[in-house]
Amino acid sequence: MKSISLNITKAASFLAEGAVKAYEPKVKAAQEALENGTCEGNDFLGWLHLPSSITPEFLNEIQAVANTLREKCEVVVVAGIGGSYLGARAVIEGLSNSFAWLVNDKKNPTILFAGNNIGEDYLYELTSFLKDKKFGVINISKSGTTTETALAFRLLKKQCEDQRGKEEAKDVIVAVTDAKKGAARTCADKEGYKSFIIPDNVGGRFSVLTPVGLLPIAVAGFDVKQLVAGAADMEKACGKDVAFDENPAAIYAATRQALYTQAGKKIEIVCNFQPKLHYFAEWWKQLYGESEGKDQKGIFPAACDFTTDLHSMGQWIQEGERSIFETVISVETPNEKLLFPHDNENLDGLNFLEGKRVDEVNKMAELGTRLAHVDGGVPNILVNVPELNAYYLGQLIYFFEKACGISGLLEEVNPFNQPGVEAYKKNMFALLNKPGYEAESKAIQERLANEK
């Protein structure tokens, strides 16, 4: 089996000779801190050896519950926000037919997502769509009180019970939550829902290889055993005893930190030329944004879908402020084959492409873009993926997770907390007059009055 691979040639050329290699001692120290649990956030290191610790019996249990939902539901709604849905969505959309939601597929239920926004129109349209559907819900929340997810789940729970009856509903509502505490755990125990545990030592953005991601992915019909196998193989490839020059996570972490600290590159744009990877980039943005954006420092994570965004962001990337570098995720071989046809009139002038695979055109667009951006002063890291399947997505997930842990420690922040996320929640609860926030409500109302 092949492996994903990393090429930093077109990034290292923007750095002093040996700049990446110079990080080797710091990377080694970071790896040892992760392994020994001596770094900040050491109570959230459960992801580190998670792939190799997952047993066949556990995956069989996941699959059994997934099969029940697949048998009893036309639609399954995944309720969760941030790490509670992005990993699952990244894999599901990466492996799905792009038009699956339009196809009457009797084998696989339609997977929809809720609880990741507070859009009234979205929730109204979702609940309206579900009115004549046999649907189930996977409620993913450690606390059960995250506003976006709790609001959506309350609506979906009531609708499912109204449409299917309380007894039938409890067979198609599954909780993925804390082992012992929280509103979601209390609800699951009271209602008799099947449930899975979110490990205490795995943070949300690192949780895709827990039931948080595995259950929805299995319900969608994809091979979670292969996903875990890919991640487990990458765990070995990125191990602490692997030589620096052979460890892709170590090299990636060192390269991006060298570009940040030595070349002044403050923004990393993850790019892909495969539309199915859009939500993978969204997952990556949360992983690196929440992990590194602290203490008034951190590389800003952004994403572009190429060639689409070359017609909107391309000008800025080519000639804007030189504060950026790119990481391109390149899929070597597409899963399908489509040849470019001949046209007698040739009004578009494209007959020179006759007989070529569409992917050959895409690959030349990719190479041409990389060359142009490098010429324009944009360092370029290439991550090559042999093909888009569960095994290689598993590799890609663990590669980015391990590199993120190392990179955060190189930056000298705690990569595993997210204290800044609570600021908006405090203001929102104060504005909504939530019980217990009376002092904050009064203070914010006075502030708003003074700002008028």
- Of the stretch 399-421, those with amide N under 17 Å from the point 7 Å along the Cα→Cβ vector of PHE244 are 403, 406-412
- Note on the structure: Using alpha-carbon positions, the gyration tensor of the stretch 358-410 gives root eigenvalues a ≥ b ≥ c; with a/c under 1.5 called rounded, otherwise prolate if a/b exceeds b/c, else oblate, the class is oblate
- DSSP-assigned coil residues among chymotrypsin sites (Phe, Trp or Tyr not before Pro) in the stretch 94-190, each with at most 11 further Cβ atoms within 10 Å: PHE99
- Per residue, what volume in Å³ does the Cα convex hull of the stretch 49-226 take up? 110 Å³
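Past 23 Å, Cα to Cα: identify those pairs from LYS142/LYS434; LYS21/LYS402; LYS134/LYS170; LYS426/LYS452; LYS181/LYS236; LYS266/LYS294, in the order given. If you can, show how the numbers build up before the last one.
Values: LYS142/LYS434 20 Å; LYS21/LYS402 18 Å; LYS134/LYS170 13 Å; LYS426/LYS452 21 Å; LYS181/LYS236 34 Å; LYS266/LYS294 14 Å.
Check vs 23 Å cut-off fails for LYS181/LYS236.
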- Distant-in-sequence amide H partners of ALA114 (H built 1.01 Å from N, under 5 Å): VAL78, ALA79, GLY80
- Expressed as a whole-number percentage, the relative contact order of the stretch 119-218 with C-alpha contacts under 8 angstrom and at least six residues apart is 26 percent
- Message: Apply the a/c threshold of 1.5 to the C-alpha gyration tensor of the stretch 324-412 and tell me whether it is rounded, prolate or oblate.
- Response: oblate
- In Å and whole numbers, how far do the C-alpha atoms of the stretch 1-104 stretch along each principal axis, longest first? 58, 34, 32
- Query: Amide H neighbours of ILE381 under 5 Å, counting only residues 5+ apart in sequence or on other chains, H built in-plane at 1.01 Å?
  - Reply: GLU326, THR327, VAL328
- Task: Can you tell me the dipole magnitude for the chain around its Cα centre, using point charges on the Cβ only (Lys, Arg +1; Asp, Glu -1), in Debye to the nearest 20?
- Result: 1040 debye
- Please work out the Kirkwood hydrodynamic radius for the stretch 204-353, using every pair of different C-alpha atoms, and report it in angstroms with one decimal place. 18.6 Å
- Task: Tally up the carbon and sulfur contribution to the accessible surface of the stretch 49-226 as a whole percent, 1.4 Å probe, everything protein left in place.
- Result: 53 percent
- Task: Read phi for every residue in the stretch 199-211 and hand back ³J(HN,Hα) as whole Hz from Karplus 6.51 cos²θ - 1.76 cosθ + 1.60, θ = phi - 60°, with x for Gly and Pro.
- Result: x, 4, 9, 10, x, x, 6, 9, 9, 4, 8, 9, x
- Hey, can you grab everything whose amide H is under 5 Å from the amide H of TYR193? Only 5+ residues off in sequence or another chain; H modelled, so Pro and N-termini drop out. none
- Message: Per residue of the stretch 341-355, what does 6.51 cos²θ - 1.76 cosθ + 1.60 with θ = phi - 60° give for ³J(HN,Hα)? Whole Hz please, x for Gly and Pro, Karplus curve as stated.
- Response: x, 8, 10, 4, 7, 6, 5, 8, x, 9, 5, 5, 8, 3, x
- Message: If you count only protein heavy atoms with a 1.4 Å probe, what accessible area per residue comes out for the chain, rounded to a whole Å²?
- Response: 47 Å²
- Note on the structure: For the chain the translational diffusion coefficient, Stokes-Einstein from a Kirkwood Rh over Cα pairs at 37 °C and viscosity 0.692 mPa s, in µm²/s, is roughly 139 µm²/s
- Message: Explain nothing, just compute: Karplus ³J(HN,Hα) = 6.51 cos²θ - 1.76 cosθ + 1.60, θ = phi - 60°, for every residue of the stretch 324-335 in order, whole Hz, x for Gly and Pro.
- Response: 10, 9, 10, 10, 9, 8, 10, 8, 5, 10, x, 7
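Give me the percent of accessible area attributable to carbon and sulfur for the stretch 346-396, probe 1.4 angstrom.
58 percent
The values are calculated or read from the model by the stated rules, or taken from the named source; none is laboratory data. Just so you know, these numbers come straight off a predicted model, no measurement behind them. Methodologically, a virtual Cβ is constructed for each residue, glycine included, from the backbone with ideal geometry; neighbour enumeration extends over all protein chains shown. Calculation scope for accessible area: heavy atoms of the full protein, side chains included, ligands and nucleic acids excluded. Shrake-Rupley method; radii C 1.70, N 1.55, O 1.52, S 1.80 Å.
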